[in-house]
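Some notes on the structure that comes next.
The values are calculated or read from the model by the stated rules, or taken from the named source; none is laboratory data. Quick caveat, the model's predicted, so the values are computed rather than measured. With ideal geometry, Cβ positions are generated from the backbone for all residues, glycine too; neighbour counts draw on all protein chains shown.
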Amino acid sequence: MSYEYIILEKSGGIARLTLNRPTKMNAMSRALLREFDAAISDVRQDKALKVLVVKGAGRTFTAGYDWKDPERPTHEGMSASEVLLEMRTTGKINMDRWLQLWELPQAVVAQVHGYCLAGGLGLAMFCDIVIAAEDASFGYPIARTGVGAQHLWPWHLGPMKTKELLFTGDSISGKEAERIGMINRAVPLDKLEEEVNKLVAKIDSMPSEQINLHKIATNRTFEMMGFKNALNYVLELHAYGHATPANEGFDKDLKEKGLKAALEARDKDFKS
């Protein structure tokens, strides 16, 4: 299959999937996500592959979902119950997409530089390992108007740090993300590619069966502690979050004033 918005490369036991909309900060449009799904299916079926690296082209990993995507629902003229149903459906599709990475037999490594925000953070958190540039920016600023559908922070950070980040919508650097356990490690940007290459070469030395068994053993432990049940419950809150006054105000600004003005209005009281 040929791709327009991603690049999929394979070499030996290693595949590299690059989000490839650099002029749009690799914002994840529905067209890009359809290609992403196809690429993940390709990787899953390729028995020669042991590791998948996910990264972004240009100056950033991804700034999240594409708010200007012409395929994005506007909710205009929809009743509250219709909005809830649509958001449940969309949220479930996105959650199932990232769960593909959780279930993939290969090890999945996120190589993060620049922005890793909102839906992009969801993508990274479902990877098995995250290596980032020290000056990368991790955050879920949409927490200021809504509830995230892929709520993995409690599993990585514990309740207190999770609440701090969600109550403020603040972003943190790669160095801080490493310190609090959100990611595996942060390195200088000019060393990022080298660090990831060294790691995946080491993983590639492991037999495929061992990689898969170690991944299953770890993942099933979290699932027995309620991991997937928690995701499904938060998905409901995510849908309700789109009916709050804060989110309705953001959507109104987005429609009437454009994305930049809507973001400025949302974030103006959080400057420090």
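Within the stretch 117-129, does at least one residue satisfy the condition of being more than 12 Å from the chain's Cα centre (by Cα), assigned to a strand (DSSP E or B) and of a type outside the set (Ser, Thr, Tyr)? Yes, the stretch 117-129 contains at least one residue that is more than 12 Å from the chain's Cα centre (by Cα), assigned to a strand (DSSP E or B) and of a type outside the set (Ser, Thr, Tyr).
Only a single criterion out of (1) assigned to a helix (DSSP H, G or I); (2) at pLDDT 95 or above is not satisfied by ILE172, namely (1).
Out of ILE172, ILE216, which single residue is β-branched (Val, Ile, Thr) and crowded, with 16+ Cβ neighbours inside 10 Å? Even if it seems obvious, please write down each step before you answer.
On the way: ILE216 fails: crowded, with 16+ Cβ neighbours inside 10 Å.
Testing whether each residue is β-branched (Val, Ile, Thr) and crowded, with 16+ Cβ neighbours inside 10 Å leaves just ILE172.
What strands (runs of 3 or more DSSP E) completely inside the stretch 1-77 contain at least 1 residues that are over 25 Å from LYS215 (Cα atoms) and at pLDDT 95 or above?
It comes to 6-11.
Taking the conditions (1) crowded, with 18+ Cβ neighbours inside 10 Å; (2) assigned to a helix (DSSP H, G or I); (3) modelled with pLDDT of 95 or more in turn, MET182 satisfies each one other than (2).
Which residue is farthest from the chain's Cα centre (by Cα), if the candidates are limited to the stretch 9-32 and must be aliphatic (A, V, I, L, M) and closer than 19 Å to PRO105 by Cβ? Walk me through it before giving the result.
If we filter the stretch 9-32 for residues that are aliphatic (A, V, I, L, M), which is where we start, we get 14-15, 17, 19, 25, 27-28, 31-32.
Going one step further and asking which of them are closer than 19 Å to PRO105 by Cβ, we end up with 14-15, 17.
On the way: ILE14: 21, ALA15: 19, LEU17: 14 Å.
Result: ILE14.
Screening the stretch 148-205 for residues that are touching a Leu at 6+ places or on another chain (Cβ under 7 Å) and hydrophobic (A, V, I, L, M, F, W, C) and picking the one that is farthest from GLY114 (Cα to Cα) gives ALA149. Could you tell me whether the stretch 114-134 includes any residue that is touching a residue at least 12 places away in the same chain (Cβ under 8 Å) and hydroxyl-bearing (Ser, Thr, Tyr)? Within the stretch 114-134, one or more residues are touching a residue at least 12 places away in the same chain (Cβ under 8 Å) and hydroxyl-bearing (Ser, Thr, Tyr).
Looking at LYS215, LYS191, which one is free of Cβ contacts under 8 Å to residues at least 40 places away in the same chain and in a helix (DSSP H, G or I)? So that I can check it myself, show each step before the final result.
Working: LYS215 fails: free of Cβ contacts under 8 Å to residues at least 40 places away in the same chain.
The match here is LYS191.
Looking only at residues of the stretch 208-245 that are of a type in the set (Phe, Trp, Tyr) and closer than 30 Å to ILE14 by Cβ, we find that the one that is modelled with the lowest pLDDT is PHE227.
Of the set (1) within 17 Å of the chain's Cα centre (by Cα); (2) farther than 20 Å from ALA132 by Cα, all apply to ILE172 but (2).
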